[in-house]
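Below is one structure; the comments refer to it alone.
The values are calculated or read from the model by the stated rules, or taken from the named source; none is laboratory data. This structure is a prediction, so every number in the text was calculated from the model and none was measured. Backbone-built Cβ (ideal geometry, glycine too); neighbour counts: all protein chains shown. Note: areas computed on protein heavy atoms with side chains; ligands, DNA, RNA excluded. Shrake-Rupley method; radii C 1.70, N 1.55, O 1.52, S 1.80 Å.
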Amino acid sequence: MRDAEMFWSASQDELKQGYIEGENQYVCLLCGNAVEKGIVYPKDGILYEAKRYMRIHIEHAHSSVFEYLIDLDKKLTGLTDHQNRLLRLFYQGKNDAEVQEEMGIGSPSTIRNHRFVLKEKERQAKLFLALMELLKDKDEHAPAFIPLHQKARMVDDRYNVTEDEKVTVLKKYFPKGSQDSLKSFPPKEKQRLIILQEIMNRFENERKYEEKEINQILGAVYHDHVLLRRYLIEYGFLDRKPDGSQYWLKK
């Protein structure tokens with residue numbers, strides 16, 4: 001299962017802890033990093049069993065699950081910029097007076113009102129999740145949509161793509177298979193998204209690529225590797241150093 005699929009299919013408890021437990025390993029939902037069960041892992045001169053090591057990985061690589069989730073695009077979290085900042089300050093342990101002073105708005109009672117609105121949003125989210133879970137058993141006609149990658153940018157209708165559409169597009173633009181070269185670069189945004197997602201399978205998690213390596217990998221996919229590189233960054237699949245000397249999968 002791909003990283004995005006694992007992330008969006010994870011339970012609430014799994015999402016809160018930031019990893020899922022498989023038969024033989026623990027997998028980080030935030031970056032796809034996996035550790036094998038039954039193996040002891042060293043960190044700063046201390047040995048840790050796999051589950052504890054996974055928690056340490058999340059702390060060191062992502063600061064915390066909260067920090068990772070709150071940094072996601074607001075189209076994914078459903079939070080306004082104002083609500084996002086409030087949650088960050090609450091998570092830091094600040095009281096209402098401190099939050100009010102830092103944000104420079106209203107009074108402590110204003111912050112309490114914001115807390116109430118956030119609790120209402122939480123109640124609505126719980127009910128909506130329950131309704132969607134119940135709907136799964138009844139809605140036989142619901143299409144399977146391709147999962148969004150967590151660092152997706154410009155989240156809009158272009159992500160409204162079903163698995164069937166994905167298969168059709170891949171066959172059209174990768175007639176010899178997705179591990180071969182690209183026939184042409186699609187003109188439509190939805191089709192581009194599908195192609196870019198498939199290209200990302202050629203890269204490894206947690207690896208830094210030199211610019212020359214990136215160009216070689218993308219050049220094997222399509223003659224205009226600069227075009228592919230630009231779109232991979234624009235869509236939030238790849239990140240890079242400011243000088244373009246290194247690239248990596250954006251997690």
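Points worth noting:
- Angle in degrees between helix 108-136 and the longest Cα principal axis of the chain, rounded to the nearest 10: 50
- Annotation: peptides 23-31, 191-199, ranked by per-residue average of other Cβ atoms within 10 Å with the highest first, follow the order 191-199, 23-31.
- Full-stretch length increase - LEU131, LYS37 - with 0.36 nm per residue and alpha-carbon distance subtracted: 30.3 nm
- Within the chain, helix-based [θ] at 222 nm, where runs of 4 or more DSSP H residues each add -39,500 (n - 2.57), nearest 500: -15000 deg cm²/dmol
- Helix 189-199 and the long axis of the chain differ in direction by around 80°, with both axes built from C-alpha atoms.
- For region 185-203 and region 89-143, distance of Cα centres in Å: 34
- Measuring spread by the Cα atoms of the chain yields a radius of gyration and Dmax of 21.0, 64 Å.
- By accessible area, using a 1.4 Å probe on protein heavy atoms only, region 40-105 has 47% of its surface on carbon and sulfur.
- Contour excess over end-to-end distance, with Cα ends at SER109 and SER11 and 0.36 nm allotted per residue: 31.8 nm
- Helix axis angle, 81-91 relative to the chain longest principal axis, alpha carbon, degrees: 60
- Using Cβ point charges alone (K and R +1, D and E -1), the dipole size of the chain about the Cα centre works out to roughly 400 debye.
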